[in-house]
Structure formats: structure tokens, C-alpha cells
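Have a look at the structure below before the remarks.
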């Protein structure tokens with residue numbers, strides 16, 4: 001948003017990204033609206049066969065644990081804070097010996113439990129609702145939680161300034177006539193139709209793919225995941241140029 005100066009609403013995955021945006025003036029703080037709070041918890045496999053009930057159980061020999069990468073995933077950073085706050089040096093070493101993986105996202109942290117790659121993770125309470133047939137949540141003692149996260153959205157600052165500038169550079173009648181013109185109406189109709197068609201096409205592919213990726217292990221799974229995430233990583237302009245070359 002800072003580089004491209006595009007976008008109307010900023011909707012990050014956690015408050016850790018919203019706070020810098022407010023400090024840097026990328027969004028208007030007064031437009032921020034909270035959507036949901038996120039609370040850390042212990043997530044285990046259904047039926048909790050290893051009887052993992054507390055943080056100290058993460059240090060027991062033979063327990064496979066995972067956390068998200070604290071360098072790039074907020075739930076991982078929160079997990080590290082919890083470990084630092086509640087574990088002794090000896091317990092930290094025992095936890096490291098049981099740590100099998102740093103996952104790359106919230107979804108992959110949840111999936112580590114679903115696919116039995118890990119016996120337990122330090123994740124969010126909501127994880128059990130993502131896969132209730134295979135995940136249970138064990139609540140942490142409130143005193144063990146370092147902080148509570150939240151998801152919110154806010155209006156992109158440049159967008160509001162552009163709208164406000166219309167009143168300075170143009171007369172109200174000019175703006176009204178522009179909005180009512182045939183060209184503007186056609187543009188709006190075309191955009192709405194294109195967005196609806198794109199959403200329908202995306203859903204028809206995304207829902208089955210997301211279900212398969214979260215529930216099953218199969219040959220080429222990583223390749224499929226990479227292909228699906230490719231449009232998110234590469235800019236639309238670059239993808240359009242690539243399509244023209246084809």
C-alpha cells in the first residue's frame with residue numbers, strides 16, 4: 001500500500017501489522033474497527049491421547065511440538081513470548097529438543113496438528129473450529145498469556161485524501177454529473193460483472209483445493225500449494241504481461 005498507493009481498506013491478519021500502519025500514517029486511526037480478538041491456547045490432536053494439559057507438558061520427552069515461525073508469523077511471535085515468560089532455562093532447552101518444526105503460517109500451524117505431524121502447538125483458540133474433527137483446544141492460564149491479539153480494518157489514508165480533494169478541485173455538480181454519466185455507469189457495471197465472475201471462478205477452484213490441501217497428504221501437494229499462492233506473490237501487472245506473452 002505504501003509503495004503502490006493503492007487500496008481502500010487495510011485488513012491485516014493481526015494487530016501487530018495494524019499498529020505500525022497507524023504510526024506511519026498509512027491509515028486513519030479513527031476509522032479502525034475491531035473484528036475479532038485472538039487468544040493463544042494449546043492445540044492438540046482430537047482426544048488428546050498424550051494428555052497434554054499445560055505448557056510444561058511441552059517439555060516431556062517424546063512429545064512432538066511445533067510453533068509458527070516467529071520471524072514472519074504473528075502467532076509464532078506470541079508463542080515465543082509465552083515460552084520466554086513461563087519456562088525456566090532448563091524447560092526451554094527441553095522444549096527445543098521436542099520442537100520439530102517452525103511452520104510458515106497460521107494455517108500450516110493448524111495443519112501440523114490435523115495431519116499428526118505434531119502432538120501439540122501453541123496457536124489460537126480458534127484453531128479447533130477450523131478442523132473440529134481432528135483438533136482440540138486446551139485453554140492456557142490467563143496469567144501465562146503475554147498479550148491478546150486482534151484483527152481489525154481501517155481506511156487507507158491516501159484513499160480518504162483523494163475523496164476529500166474532489167470537493168476542493170471540482171464543483172459538486174461536476175462530480176454528480178460525472179457519476180451519472182453513461183461512461184461511469186458502464187465502468188461500474190463492467191467492474192461489478194468482472195468481480196462477480198472472478199469470485200465465482202476463484203471459489204470453484206479455491207474451496208476444493210483448500211479442502212484437499214488441509215485434509216490430505218499427496219504427491220505434488222507442495223507444487224499445488226505453490227501454484228495457488230503464485231498470484232498472491234506476483235503482482236497483477238506482471239501476471240498480465242506474462243499472459244500476453246503466451
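The values are calculated or read from the model by the stated rules, or taken from the named source; none is laboratory data. Keep in mind that what you see is a predicted model, and the values were worked out from it rather than measured. When we count neighbours, we look across all protein chains shown, and the Cβ atoms used for this are built from the backbone with ideal geometry, even at glycine.
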Within region 10-30, tally of residues that are touching a helix residue (DSSP H, G or I) at 6+ places or on another chain (Cβ under 8 Å), farther than 21 Å from residue 145 by Cα and not in a loop (DSSP other than H, G, I, E, B) | 4
Within the bounds of region 108-124, is there any residue that is surrounded by 17 or more Cβ atoms within 10 Å (Cβ to Cβ) and modelled with pLDDT under 90?
-> no
Give region 140-151 a look and list any residue that's farther than 19 Å from residue 60 by Cβ and surrounded by fewer than 18 Cβ atoms within 10 Å (Cβ to Cβ), or say none.
-> 142, 143, 145, 146, 147, 148, 150, 151
Which listed residue is more than 18 Å from residue 107 (Cα to Cα) and at pLDDT below 85, from 199, 206, 194, 180 = 180
What about residue 41, is it part of a helix (DSSP H, G or I) and within 22 Å of residue 147 (Cβ to Cβ)?
-> no
Take residue 128 and decide whether it is outside any loop (DSSP other than H, G, I, E, B) and touching a residue at least 24 places away in the same chain (Cβ under 8 Å).
-> yes
Hey, does region 96-106 have a residue that's surrounded by 18 or more Cβ atoms within 10 Å (Cβ to Cβ) and in contact (Cβ under 8 Å) with a residue 60 or more places away in the chain?
-> yes
Output yes when any residue across region 65-84 is without any contact (Cβ under 8 Å) to a residue 12 or more places away in the chain, farther than 24 Å from residue 154 by Cβ, in the same structural domain as residue 105 (by TED's automatic domain parsing) and in a loop (DSSP other than H, G, I, E, B), and no when none is.
-> yes
